[in-house]
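The values are calculated or read from the model by the stated rules, or taken from the named source; none is laboratory data. The structure displayed is predicted, hence computed values, not measured ones. As a convention, Cβ positions derive from the backbone with ideal geometry for all residues, glycine included, and neighbour counts pool all protein chains shown. Accessible surface areas use protein heavy atoms only, side chains included; no ligands, DNA or RNA. Shrake-Rupley method; radii C 1.70, N 1.55, O 1.52, S 1.80 Å.
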Amino acid sequence: MCGITAYCGNDLALPFLLQGLNKLEYRGYDSAGVTLLEDDGLVTVKCRGRLKNLEEKLSDYTLKGHIGIGHTRWATHGVPSNLNSHPHSNDDETISLVHNGIIENYRELKEELLEKGYHFQSETDSEVVVLLLDYYYDGDLFAATKKVLSRIEGSYALCIVSTFEPDKIIVARKDSPLVVGKVSNAYVAASDIPALLEYTKDVYFLNDYEMAVLEKDNIHFYSHDGKPIEKDMNTIPYDIEAAKKDGYEHFMLKEIYEQPRVINETLRGRIVNDKIILDELKDIDFSQFNKVYYVACGTAYHASLCGSQVLERVTKLPVIATVASEFRYNDPIVDEHTLAIFVSQSGETADTLAALRLAKAKGATTIAIANVLGSTISRDAHYVLYTCAGPEIAVASTKAYTTQLVLLILLAYYVAQKLNIEVNLQLIHELDTIPDYVNQLLADHDIYASWAKMLENLHDTYFIGRSLDYASVLEGALKLKEVSYVHADAYVAGELKHGPIALIEPGSVVIAVATQPHIAAKTISNIQETIARGARVILLTTEGQEVKNVENTYYLPKVSPTLQSILVAIPLQLLAYYTACIKGCDVDKPRNLAKSVTVE
Ligand code: F6R
């Protein structure tokens, strides 16, 4: 996720811009840049890669400007490259800006600007904003900004500098964070508090549709219609380390709480008038396939298990979901009539990459579902769809998993649409409500924390579920074991009496998921068999299910059964998190694990 810094004051701007970008590094980025307002005009220096590459490039310049903007980019439109890096400027370099967010209608705006004779240097959506500013500027930068904001759709945090009005920076936000700070001798802005904390704890938070004009000794705030407004200053009560985590104790917790937003981002622009829009795949003729493989590792494999079942149900195409380390060595039956889908947060997992290359060599059409733009898997696949989870820092995957589920469900319905199969429109409508339900589930954190106490002193736990719930319990068990080191096994509930029930004894804890109406009652009766042998049970189900004598029953909001897989992930993630906390585990960096498994 991109980072923004801006400085308007009496001291040199560059040191502030760079230290701020440095403090935002934890968010992840693939390129960086700055624009300084120098005596002879705007000077922009930017490049692909780490901040140290930018610093090396900057050593060729002597930049003395007192006004400037900076950016670290996490690519969304256009690969990481020098040209796609921010800041972006107009042709004569009189206006320059940095942007976080996504301009959803950039294609139309780009067409419009091309017709007016503008040309584009980058593949980014952000460049349309600066060219529109150029087009609308008529002696008043604020008026031009207002006009541009009325034309763009999507999300933005923007900082704009111009030689036309060289005493100010204009900033604006919608659905992308932006904080303004007061430091001695200057006003500053950033996308996140850590960038400011070394300089000040006195900040103003911009709300959606608000703008501000920063001058050296003054700041003015404006509402969406350009009317001046007053804003209260807030004092940040915590230090830099805590701020990187937005005040959360761990990245894992922060990322769990980011899910409503990133699910929204992943859905954004992909459902229009009951239709799923995945333009990235528009050239695929899905009628050519007689089989679909889903290939991934770990959490991404669990998302694939769910996604594959959904696709099979809606399209009736035969599907196989398999872990990449098996696929690559088992001589899978793949040919040019196979569609192979590779799911990976990092896009760098060695086994998944090798499996992808094998499938391509055998003639399959390949789609990558990745989170990191420009990652190897996303570049190697024929087609790519991105989840919009932003950088995932905690080793245990949480927000990547739920955004993968969302995208895989969209994909299944997209394929059905392309095959002219009638789909369940209710589910498509309900997708939009998922972020609100996730918020509702997050609010019950105390309940999940109380369950964690049941696990604190246990060596083993058992997760059971059927159908889509089986994928959910596999993921719940993985989360628990990797962060809390409580051994957790997940079983298809129907398999209990074929062996695992021998393990159940008084005091055992069984975590059951029963959200699929056609099969929930069966899982609930399996629970009774474990209760009869002394187990304590945590049951996650939906309202309307008949449940008797289960000590801890939690009712999930009722949505289409397919979407329950997304909702049920929340209590299970928080259960794992709280158990790890009670046990004093290193939540964000569990022992023996790496975030990106680039070796076999
Ligand atoms: C578990 C976890 C891992 C990854 C797996 C695949 O929380 O994070 O199981 O899901 O290593 O990683 P990616 O998705 O990067 O291919």
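With a cut-off of 8 Å between alpha carbons and a minimum separation of six or more residues, what is the relative contact order of region 148-299 in percent?
On the way: 194 pairs, mean separation 22.4, N = 152.
That works out to 15 percent.
Which chymotrypsin sites (Phe, Trp or Tyr not before Pro) from region 496-600 combine a DSSP loop assignment with at most 13 other Cβ atoms within 10 Å?
Working: sites: TYR554, TYR555, TYR577, TYR578; in loops: none.
Sites meeting the loop and neighbour criteria: none at all.
Could you tell me, in Å, what Rg and Dmax come out for the Cα atoms of region 478-600?
Spelled out, the Cα radius of gyration and Dmax of region 478-600 are 15.8, 48 Å.
Under 11 Å from the Cβ of ASN22, count the other residues' Cβ atoms, weight Lys and Arg +1, Asp and Glu -1, and hand me the total. If you can, show how the numbers build up before the last one.
Numbers: positive: LYS23, ARG50, LYS52; negative: GLU25, GLU55, GLU198.
Local charge sum for ASN22: 0.
Expressed as a whole number of Å, what is the distance separating the alpha-carbon centroids of region 208-274 and region 1-56?
A separation of 20 Å, based on Cα centres.
Among the listed pairs LYS110/LYS282; LYS52/LYS201; LYS362/LYS497; LYS316/LYS548, which have their C-alpha atoms separated by more than 31 angstrom in this model? Write out the running numbers ahead of the final one.
Values: LYS110/LYS282 21 Å; LYS52/LYS201 27 Å; LYS362/LYS497 41 Å; LYS316/LYS548 36 Å.
Long pairs (Cα-Cα over 31 Å): LYS362/LYS497; LYS316/LYS548.
Taking the Cα centre of region 47-198 as origin, work out the dipole magnitude from +1 charges on Lys and Arg Cβ and -1 charges on Asp and Glu Cβ, in debye rounded to 20.
Values: 16 positive and 23 negative charges, 102 e Å.
Dipole of region 47-198, to the nearest 20 debye: 480 debye.
Per residue, how much accessible area does region 326-406 show when a 1.4 Å probe rolls over the protein heavy atoms, in square angstrom?
On the way: 2330 Å² over 81 residues.
Normalised by residue count, the accessible surface of region 326-406 is 29 Å².
Determine the dipole magnitude for region 113-240: charges of +1 sit on the beta-carbon of Lys and Arg, -1 on that of Asp and Glu, nothing else is charged, the reference point is the Cα centre, and the result goes in debye to the nearest 20. Walk me through the numbers on the way to the answer.
On the way: 12 positive and 22 negative charges, 40 e Å.
I would put it at about 200 debye.
Please compute the net charge surrounding GLY347, taking Lys and Arg as +1 and Asp and Glu as -1 over other residues with Cβ under 10 Å from its Cβ. If you can, show how the numbers build up before the last one.
On the way: positive: ARG379; negative: GLU348, ASP380.
Computed value for this residue: -1.
In degrees, nearest 10, range 0 to 90: what is the angle between the Cα axis of helix 141-151 and the longest Cα principal axis of the chain?
Its long axis makes an angle of about 30 degrees.
At 20 °C and 1.002 mPa s, what whole-number value in µm²/s does Stokes-Einstein give for the translational diffusion of the chain, with Rh from the Kirkwood sum over Cα pairs?
Details: Rh = 25.5 Å.
Translational D for this selection: 84 µm²/s.
Please report the accessible area of ASP11 (heavy atoms, 1.4 Å probe, ligands and nucleic acids excluded) in Å², nearest 10.
Looks like 80 Å² after rounding.
With a 10 Å radius around each residue's Cβ, average the other Cβ atoms per peptide and rank 497-506, 447-456, 583-592, highest first.
Numbers: 497-506: 12.5, 447-456: 17.1, 583-592: 14.7.
Packing proxy ranking, top to bottom: 447-456, 583-592, 497-506.
Mind putting a number on the dipole of region 322-431 about its Cα centre? Charges go on the C-beta only, +1 for Lys and Arg and -1 for Asp and Glu, and I need it in Debye to the nearest 20.
Working: 7 positive and 10 negative charges, 41 e Å.
The dipole of region 322-431 has a size of about 200 debye.
Region 309-382: which trypsin sites (Lys or Arg not before Pro) are DSSP loop and have at most 11 other beta-carbon atoms within 10 angstrom?
Working: sites: ARG313, LYS316, ARG328, ARG357, LYS360, LYS362, ARG379; in loops: LYS316, ARG328, LYS362.
The qualifying sites are LYS316.
So, for region 16-102, what is the accessible surface per residue at a probe of 1.4 Å, expressed in square angstrom? Present the calculation step by step, with values, prior to reporting the outcome.
Details: 3150 Å² over 87 residues.
So region 16-102 comes to 36 Å² accessible per residue, rounded to a whole number.
Given a 1.4 Å probe and every protein chain left where it sits, what share in percent of the accessible area of region 18-73 is carbon and sulfur? Could you put the intermediate results ahead of the total?
On the way: 980 of 2280 Å².
Ligands and nucleic acids excluded, carbon and sulfur give 43 percent.
Pairs of Cα atoms under 8 Å, at least six residues apart: use those to get the relative contact order of the chain, whole percent. Numbers along the way, then the final one.
On the way: 1318 pairs, mean separation 62.6, N = 600.
So the answer I get is 10 percent.
Please determine, in degrees from 0 to 90 and to the nearest 10, the orientation of helix 127-136 with respect to the longest principal axis defined by the Cα atoms of the chain, where the helix direction is its Cα long axis.
Approximately 40 degrees, to the nearest ten.
With the dipole of the chain worked out from charges on the C-beta (+1 for Lys and Arg, -1 for Asp and Glu) around the Cα centre, which of THR124, GLY33, LEU405 lies farthest toward the positive end?
LEU405
Less than 19 Å apart at the alpha-carbon level, and either on another chain or at least 8 residues along: which lysines does that give for LYS453?
Here the lysines satisfying the reach criterion relative to LYS453 are LYS479, LYS481, LYS583.
Computing the accessible area with a 1.4 Å probe over protein heavy atoms, can you report the carbon and sulfur percentage for region 174-313?
On the way: 2670 of 5980 Å².
Using a 1.4 Å probe with all protein chains present, region 174-313 comes out at 45 percent carbon and sulfur.
Label region 415-494 by shape, choosing from rounded, prolate and oblate, from the square roots a ≥ b ≥ c of the eigenvalues of the Cα gyration tensor; if a/c is under 1.5 it is rounded, and otherwise prolate applies when a/b is larger than b/c, oblate when it is not. Please report the intermediate quantities before stating the final value.
Values: a/c = 3.46, a/b = 1.72, b/c = 2.01.
In terms of gyration-tensor shape, oblate.
At 1.4 Å probe size, with every protein chain present, just tell me what the per residue accessible area of region 154-213 comes to in Å². Please list the in-between numbers first.
Working: 1690 Å² over 60 residues.
Per residue, region 154-213 has an accessible area of 28 Å².
If you add up the charges near CYS47, with Lys and Arg at +1 and Asp and Glu at -1, over every other residue whose beta carbon is less than 13 angstrom from its beta carbon, what do you get?
+2
Considering only the chain, what is the antiparallel percent among its DSSP beta bridges, to the nearest 5?
The antiparallel fraction comes to roughly 60 percent.
If you filter region 90-136 for chymotrypsin sites (Phe, Trp or Tyr not before Pro), then keep DSSP loop positions with at most 16 other Cβ within 10 Å, what is left? Mind showing how you got there, number by number?
Details: sites: TYR106, TYR118, PHE120, TYR135, TYR136; in loops: TYR118, PHE120.
Qualifying residues, ordered by number: PHE120.
I'd like the carbon and sulfur percentage of the solvent accessible area for region 77-169, probe radius 1.4 Å, heavy atoms only, ligands and nucleic acids excluded. Don't skip to the answer; put the middle values down first.
On the way: 1600 of 3600 Å².
On region 77-169, the fraction of accessible area on carbon and sulfur atoms equals 45 percent.
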